[in-house]
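Take a look at the structure set out below.
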Amino acid sequence: MAAKIYDVCVVGSGAAGGTLSAHLAQRGINVAIVEGGPGINTRTAFNTHGMPFDFPNRHIPTMRPGVEGFDSERSRGVGGKSMLWNAVAWRLSHRDFKGRSTDGAGEDWPLDYPDMAPYYDRIEREVGVCGNPDHLEDLPDGIFLPPVPMKLSDLLVKRGAEKLGLKVIHVRKSTLTVATRTRPACHYCGNCMAGCDVAAKYNSYDAHMAPALKTGRLDIFSNSIVREVMVSPENRATGVRFLDRHSQQEGEVRARSVVVSCACVQSVALLLMSRSRLYPDGLANSSGQLGKNFIPHFTGGVEAFLTDLIGQPAVNDEGFLDHAYVPSFIHTRKRDYARSFAMQFNYQNRRSVGWARDVRGFGKSYKEAVKARYPAFLVFSPYGEMLPNKQSYVDLDPSHTDQFGLPAARRQVVWGENDKKIFADMQRWSVEILKSAGAEILNVYDEPATNHELGGCRMGSDPRSSVVDAHCRSHDVPNLYVVDGSVFPSASEKNPTHTIMALAARAADHISERLQRKEM
Amino acid sequence: MESRRSALKIIGAIGATCAFPFGADELYGQQAGHLHHAAPAQAATGPYQPKFFSASEMHTLSKLADSIIPPTGTPGAAAAGAPQYIDLVASTSEERGKDCREGLIWLDAHSGKLYGKPFSELTEDQQIEILSPLSDASDRSDWEQPGVKFFHEMKNLTADGYYTSRIGLVQELGYQGNTVLDHFPVSTLPEH
């Protein structure tokens with residue numbers, strides 16, 4: 001048990017918790033991070049360069065032999081999902097923050113783009129984001145390192161899109177294209193999502209927590225699964241109770257304030273588990289909104305071969321994964337639904353050839369057909385913005401506990417009419433763009449799939465209909481914050497992590513000011 | 001395409017600001033096998049001991065796999081170890097193992113009815129004659145006819161096993177990735 005009383009206890013060490021604690025520690029604030037999983041050495045923990053033929057079952061395990069971590073829903077490891085993410089980084093726009101006001105659907109955030117801009121600036125300067133300033137109203141430009149050039153296959157798609165009046169732009173990622181003093185630039189090995197072992201791609205340990213450890217103000221408690229946020233009878237968060245992941249021994253970390261940053265679903269689960277006499281429906285849940293308004297992104301998918309590349313020699317183009325993007329365009333057009341979609345494409349790694357199953361025939365002609373199509377294969381992954389509905393929520397499973405003896409979180413997602421219309425349209429447009437570029441369509445997925453998890457502790461100015469305020473402070477408990485994707489009141493179609501990091505920087509400012517004023 | 005030598009030279013050049021943290025060999029020392037530019041000789045370990053199939057079933061599987069992905073300019077599915085991969089998959093699930101085994105029995109019975117021989121003793125043309133209608137029906141998702149689902153499953157497993165092997169992925173398809181580049185080359189569309 002830690003005898004020290006920290007200024008801030010942060011639960012979770014991913015992009016949110018890592019950014020937030022580093023910002024606080026750099027200001028001389030004493031921070032404890034309590035992380036359920038093990039410490040991870042990015043250089044040696046992952047099978048970054050693994051090939052399928054190195055493994056009898058042809059499945060490349062995430063971790064190298066004998067290294068634990070990243071195998072559990074509840075506790076992945078220091079760095080959380082930032083270890084294995086694709087690093088796509090967009091600024092959200094006014095249309096994203098004010099969905100209800102602009103589109104009559106969903107919810108407005110209790111803040112707008114000008115409130116967030118300084119924090120996007122700060123994050124981009126700190127961690128390095130590469131991209132091209134495209135001057136799009138709906139996709140604010142940032143402070144960018146040089147973008148990665150588009151692949152030939154991207155240019156073919158771009159030409160096809162432009163024939164339809166659509167733009168294809170460079171992707172923006174929290175991956176260095178120019179080295180800094182402490183992190184090298186990307187070397188285009190194509191293993192981003194297997195764990196970047198040089199930390200050219202942002203992860204919250206190498207980019208934020210490791211430098212912050214040098215201040216002496218940051219302690220990381222790893223393998224410590226938080227089972228409860230402790231709240232006093234005076235309605236103040238006093239710290240957290242945790243289980244040691246291996247010994248199951250109980251421990252406590254005490255602090256003047258607590259930040260829950262376990263990632264969307266697990267943050268909701270922790271607050272539900274922390275119910276008490278004061279909060280019978282879950283901690284900080286007097287609104288009844290905890291777990292509700294769960295709005296994960298939904299994706300579609302189209303697999304195709306670009307006809308111009310069929311029969312061409314194989315190329316080394318998987319480095320950095322996807323280089324280009326189709327930003328939202330439908331929001332400017334007449335349509336029978338609200339909100340929008342955008343498309344990631346051409347992010348596939350070429351050591352995975354599962355699509356060979358779907359090429360017709362067998363024998364010599366089949367083998368030749370697969371070989372000819374190998375350099376031409378690409379996937380379109382459109383992302384749609386889900387609207388909140390009453391049938392979609394996160395709660396605790398009343399009858400199942402997980403391997404740590406804690407109630408398992410449950411997700412319930414039911415897509416509404418608007419969501420289904422977006423799905424149909426984004427699939428249709430993906431096929432149109434590909435056909436315009438010249439493509440043989442292989443597969444069009446007919447069901448949406450969930451992706452980035454968002455919502456459940458939504459942000460709002462009214463304590464009766466939201467869980468946290470515009471600074472991520474819970475309405476109910478004055479020294480309890482929630483900072484991660486769970487606070488999004490609307491989902492946008494844009495990848496969320498860059499915004500989560502900006503929210504963390506903004507919450508860190510708020511926490512720091514209040515600590516200085518001795519309010520906590 | 002960057003040659004291996006120029007790719008390794010690049011590692012020295014990165015370092016004006018942050019020195020590239022690995023020496024050339026160390027970067028790939030984690031998984032030395034991925035240096036795929038020259039396929040290494042397989043260490044001799046003795047004949048494969050099947051986990052599920054009998055020796056005779058493995059023999060039929062090899063013939064079937066080679067019908068699906070034959071040796072051409074590059075080795076076929078049998079040489080690439082696809083039958084061993086299928087054996088592993090069959091051994092991990094009672095239902096899958098049972099389906100595979102029953103399918104092989106059906107295949108030999110069907111072959112016996114048509115040509116009086118088991119599948120493994122047929123000529124290449126006879127094998128193609130048996131498999132073609134199964135493949136066509138499989139492409140149409142016509143699961144009713146006997147043998148169609150089995151063929152579909154065998155094709156999937158053979159493709160999986162082949163295209164995740166060094167022979168399939170590197171030698172046949174020409175996989176180029178998992179290397180080091182100091183910059184990503186600029187592409188331009190060819191003028192038409």
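The values are calculated or read from the model by the stated rules, or taken from the named source; none is laboratory data. It should be emphasised that the depicted structure is a prediction, and the values quoted were computed from it without experimental measurement. Methodologically, a virtual Cβ is constructed for each residue, glycine included, from the backbone with ideal geometry; neighbour enumeration extends over all protein chains shown. Ligands, DNA and RNA are stripped out before the accessible areas are found, and what is left, the full protein with its side chains, is counted by its heavy atoms. Shrake-Rupley method; radii C 1.70, N 1.55, O 1.52, S 1.80 Å.
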Q | Filter pass, residue A:301 being over 28 Å from residue A:493 (Cβ atoms) and of a type outside the set (S, T, N, Q) | A | no
Q | Matching residues in segment A:496-518 - criterion: being under 25 Å from residue A:86 (Cβ atoms) and open to solvent by 10 Å² or more (accessible area, probe 1.4 Å) | A | A:497, A:500, A:506
Q: Check whether at least one residue in segment B:114-134 is under 26 Å from residue A:377 (Cβ atoms) and not small (Gly, Ala, Ser), and report yes or no.
A: yes
(Q) Restricting to segment B:76-97, give me the number of residues that are part of a loop (DSSP other than H, G, I, E, B) and within 17 Å of residue B:59 (Cα to Cα). (A) 6
Q: Please work out if residue A:325 is more than 14 Å from chain B (Cβ to nearest Cβ) and surrounded by fewer than 21 Cβ atoms within 10 Å (Cβ to Cβ).
A: no
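Of the residues A:25, A:3, A:16, which is more than 14 Å from every other protein chain (Cβ to nearest Cβ) and either farther than 25 Å from residue A:123 by Cα or not in a helix (DSSP H, G or I) (or both)? Give the derivation first.
Numbers: A:25 fails: either farther than 25 Å from residue A:123 by Cα or not in a helix (DSSP H, G or I) (or both); A:16 fails: either farther than 25 Å from residue A:123 by Cα or not in a helix (DSSP H, G or I) (or both).
It is A:3.
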Q: Please find, among B:170, B:89, B:180, the residue that is within 7 Å of another protein chain (Cβ to nearest Cβ) and either surrounded by 16 or more Cβ atoms within 10 Å (Cβ to Cβ) or modelled with pLDDT under 95 (or both).
A: B:180
**Q.** Candidates B:84, B:127 - the one that is in contact (Cβ under 8 Å) with a residue 24 or more places away in the chain, within 11 Å of another protein chain (Cβ to nearest Cβ) and over 14 Å from the mean Cα position of the chain (by Cα)
**A.** B:127
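Just one of B:134, B:122 is over 19 Å from the mean Cα position of the chain (by Cα), modelled with pLDDT of 95 or more, of a type in the set (A, V, I, L, M) and over 29 Å from residue A:443 (Cα atoms); which is it?
B:122
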**Q.** segment A:410-436, residues that are of a type in the set (S, T, N, Q) and more than 24 Å from the chain's Cα centre (by Cα)
**A.** A:436
**Q.** Top-ranked residue of segment A:136-146 - restricted to ones that are part of a loop (DSSP other than H, G, I, E, B) and either away from every other protein chain (no Cβ under 14 Å) or in contact (Cβ under 8 Å) with a residue 60 or more places away in the chain (or both), ranked as farthest from residue A:502 (Cα to Cα)
**A.** A:137
Q) Considering A:185, A:212, which residue is of a type outside the set (Phe, Trp, Tyr) and either crowded, with 24+ Cβ neighbours inside 10 Å or in contact with a strand residue (DSSP E or B) (Cβ under 7 Å, 6 or more places away or on another chain) (or both)? A) A:212
Q: Can you work out which of the residues in segment A:102-119 that are within 19 Å of residue A:335 (Cα to Cα) and touching a helix residue (DSSP H, G or I) at 6+ places or on another chain (Cβ under 9 Å) is surrounded by the fewest Cβ atoms within 10 Å (Cβ to Cβ)?
A: A:105
Q: Only residues that are open to solvent by 30 Å² or more (accessible area, probe 1.4 Å) and among the hydrophobic types (A, V, I, L, M, F, W, C): list them for segment A:264-297, please.
A: A:273, A:278
Q. What are the residue pairs meeting all of these: first residue in segment A:336-355, first residue within 14 Å of chain B (Cβ to nearest Cβ) and in contact (Cβ under 8 Å) with a residue 40 or more places away in the chain, second residue open to solvent by less than 10 Å² (accessible area, probe 1.4 Å) and assigned to a helix (DSSP H, G or I), Cβ atoms under 6 Å, and 6 or more apart or on different chains?
A. A:346/A:153; A:346/A:154
Q | Filtered residue count, segment A:370-390, keeping only those that are surrounded by fewer than 18 Cβ atoms within 10 Å (Cβ to Cβ) and closer than 20 Å to residue B:176 by Cβ | A | 1
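Checking the structure you have, find out if any residue of segment A:88-111 is closer than 26 Å to residue A:496 by Cβ, assigned to a loop (DSSP other than H, G, I, E, B) and within 14 Å of chain B (Cβ to nearest Cβ). Step through it out loud before you land on a result.
Here is the first cut: in segment A:88-111, the residues closer than 26 Å to residue A:496 by Cβ are A:88-111.
If we keep only those that are assigned to a loop (DSSP other than H, G, I, E, B) too, we end up with A:89-93, A:104-107, A:109-111.
Checking which are within 14 Å of chain B (Cβ to nearest Cβ) leaves us with none.
No, that holds for no residue.
Name the residues in segment A:304-319 that are open to solvent by 10 Å² or more (accessible area, probe 1.4 Å) and either of a type outside the set (D, E, K, R) or touching a Phe, Trp or Tyr at 6+ places or on another chain (Cβ under 6 Å) (or both), would you?
Scanning segment A:304-319 gives A:307, A:309, A:310, A:311, A:312, A:313, A:314, A:315, A:316.
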Q) Are any residues in segment A:495-520 among the charged types (D, E, K, R) and in contact with a Cys (Cβ under 9 Å, 6 or more places away or on another chain), and if so, which ones? A) A:506
**Q.** Selection status of residue A:238, under 30 Å from residue A:136 (Cβ atoms) and either open to solvent by 20 Å² or more (accessible area, probe 1.4 Å) or modelled with pLDDT of 95 or more (or both)
**A.** no
Q. Looking only at residues in segment A:345-369 that are open to solvent by 20 Å² or more (accessible area, probe 1.4 Å) and hydroxyl-bearing (Ser, Thr, Tyr), which one is farthest from residue A:307 (Cα to Cα)?
A. A:352
Q.
Considering only segment A:215-231, I want to know if a residue exists there that is among the small types (Gly, Ala, Ser), closer than 30 Å to residue B:189 by Cβ, away from chain B (no Cβ under 14 Å) and outside any strand (DSSP E or B).
A. no
Q: Output the number of the condition that residue A:421 fails; it satisfies all remaining conditions of (1) without any contact (Cβ under 8 Å) to a residue 60 or more places away in the chain; (2) open to solvent by 60 Å² or more (accessible area, probe 1.4 Å); (3) within 19 Å of residue A:337 (Cα to Cα).
A: (1)
**Q.** Where residue A:69 falls short, out of the listed (1) assigned to a loop (DSSP other than H, G, I, E, B); (2) within 29 Å of residue A:466 (Cβ to Cβ)
**A.** (2)
Q) Is one or more of the residues making up segment B:145-164 facing another protein chain (nearest Cβ under 8 Å), in a loop (DSSP other than H, G, I, E, B) and at pLDDT 95 or above? A) yes
Q. Across segment A:172-212, what is the number of residues that are part of a loop (DSSP other than H, G, I, E, B) and away from chain B (no Cβ under 12 Å)?
A. 4
Q: Look at residue A:490 and say whether it is surrounded by fewer than 24 Cβ atoms within 10 Å (Cβ to Cβ) and of a type in the set (Ser, Thr, Tyr).
A: no
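If we scan segment A:79-86, do we find a residue that is surrounded by 15 or more Cβ atoms within 10 Å (Cβ to Cβ), part of a loop (DSSP other than H, G, I, E, B) and within 14 Å of chain B (Cβ to nearest Cβ)? Break it down into steps so the answer makes sense when it comes.
Our first condition is that a residue be surrounded by 15 or more Cβ atoms within 10 Å (Cβ to Cβ); within segment A:79-86, this holds for A:79-86.
Filter once more, so that each one left must be part of a loop (DSSP other than H, G, I, E, B): A:79, A:84-86.
Still in the list and also within 14 Å of chain B (Cβ to nearest Cβ): none.
Checking segment A:79-86: not a single residue is surrounded by 15 or more Cβ atoms within 10 Å (Cβ to Cβ), part of a loop (DSSP other than H, G, I, E, B) and within 14 Å of chain B (Cβ to nearest Cβ).
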